[in-house]
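Down below is the structure, laid out as structure tokens.
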Amino acid sequence: MVVDIFIPCTIDQYYPETAFNMLKILERVGVTVKYNPEQTCCGLHSFNCGHWDETKEIGEKFIKEFANSKYIVVPSSKCSSMVKNYYTELFHNTALHNEYKLIQKNVYELSDFLVNVMNIETIGGRFDGVVTYHDSCASLREYKTFEQPRILLKNVKGLELREMKDSDVCCGFGESFSITNEPISISLAQQKITNAMNTGAEYIASTEPTCLMHLNAYAKKNNLPIKTIHLIDILSAGL
């Protein structure tokens, strides 16, 4: 199987190693990966800020860069959801209608692709540690991902998965929300970190880099003994 990969701007700028780890995982399960170096962004951030004209320009670029029938694998439910759910708002009944409909059908967050397309539940890596999982708002409510990351984590050698209280509650990032509503954002991060630490976990895992950045910043600022890590970086450990 040959797939395209889309590397979101946040991964590209702040977690580039996660992108390489996704490549490692896909090659491990026998997938041939194609990467278009012209890719940049799906338009999520500008869309959430209400800049729809700018978002449409970004979206048109995205559609043209992935104008084929291959699966598009993404290390983020949030960016996958943007294309699947909100490109309809931008491109329905436009000249790009057919192209965006094809892309919508083919975009998959990595864990969903592995479990539901490839029928793979274990990658074969090893990660020694206690982990709790954070369901981002976008992954749970928009992309509808819940079981897939947990299935993969439970099959990682050396890893103990412990569920935290209110794993489905927002971490407080919310794109520009963390800037415009800073006190609420910090309070939500505090609640999420407290719930995670109450499990005895050493790591908070998620598919969303922005959630991980937000929670990591709170933990570091308050000298708390817990780390954040992308699901992909766990799955690729020991490969």
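The values are calculated or read from the model by the stated rules, or taken from the named source; none is laboratory data. Because the structure is a prediction, the values reported are computed rather than measured. Virtual Cβ from ideal backbone geometry, glycine too; neighbours counted across all protein chains shown. For accessibility, only protein heavy atoms count, side chains too; no ligands or nucleic acids. Shrake-Rupley method; radii C 1.70, N 1.55, O 1.52, S 1.80 Å.
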Exercise. If you take the residues of the stretch 1-16 that are hydrophobic (A, V, I, L, M, F, W, C) and open to solvent by less than 60 Å² (accessible area, probe 1.4 Å), which of them is nearest to Tyr35 (Cα to Cα)?
Worked result: Ile5
For this session: Scan the stretch 208-219 and report the pairs whose first residue is touching a residue at least 12 places away in the same chain (Cβ under 8 Å) and whose second residue is among the charged types (D, E, K, R), with Cβ atoms within less than 6 Å and a gap of 6+ or a chain change.
Result: Glu208/Lys78
Exercise. Among the residues of the stretch 145-160, is there at least one that is within 29 Å of Glu202 (Cβ to Cβ) and at pLDDT below 95?
Worked result: yes
For this session: Please specify each residue of the stretch 107-147 satisfying the condition of being outside any loop (DSSP other than H, G, I, E, B), open to solvent by 20 Å² or more (accessible area, probe 1.4 Å) and of a type in the set (S, T, N, Q).
Result: Asn116
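Quick one: count up the residues across the stretch 189-239 that are of a type in the set (Gly, Ala, Ser), open to solvent by less than 30 Å² (accessible area, probe 1.4 Å) and either on the phi > 0 side of the Ramachandran plot or in a helix (DSSP H, G or I) (or both).
Here the count works out to 3.
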For this session: Quickly run through the stretch 66-93 and pick out the residues that are open to solvent by 10 Å² or more (accessible area, probe 1.4 Å) and not in a helix (DSSP H, G or I).
Result: Ala67, Asn68, Ser69, Lys70, Tyr71, His92, Asn93
For this session: Assess whether Asn68 counts as being modelled with pLDDT of 95 or more and either closer than 26 Å to Leu188 by Cβ or not hydrophobic (A, V, I, L, M, F, W, C) (or both).
Result: no
Problem set entry | Subset of the stretch 148-168 [open to solvent by 50 Å² or more (accessible area, probe 1.4 Å) and within 17 Å of the chain's Cα centre (by Cα)] | Asp168
Exercise. With respect to the numbered conditions (1) at pLDDT 95 or above; (2) under 21 Å from Lys64 (Cβ atoms), which one is the sole condition not fulfilled by Glu38?
Worked result: (1)
Exercise. Restricting attention to the stretch 94-106, which residues are without any contact (Cβ under 8 Å) to a residue 24 or more places away in the chain and either outside any helix (DSSP H, G or I) or buried (at least 22 other Cβ atoms within 10 Å of the Cβ) (or both)?
Worked result: Thr94, Ala95
For this session: For Glu208, indicate whether it is closer than 26 Å to Leu114 by Cα and among the acidic types (Asp, Glu).
Result: yes
Problem set entry | Inter-residue pairs, beta-carbon under 8 Å, first under 25 Å from Tyr15 (Cα atoms) and modelled with pLDDT of 95 or more and in the stretch 188-206, second among the β-branched types (Val, Ile, Thr) and assigned to a helix (DSSP H, G or I), 6+ apart | Tyr203/Ile234; Ile204/Ile193; Ala205/Ile234
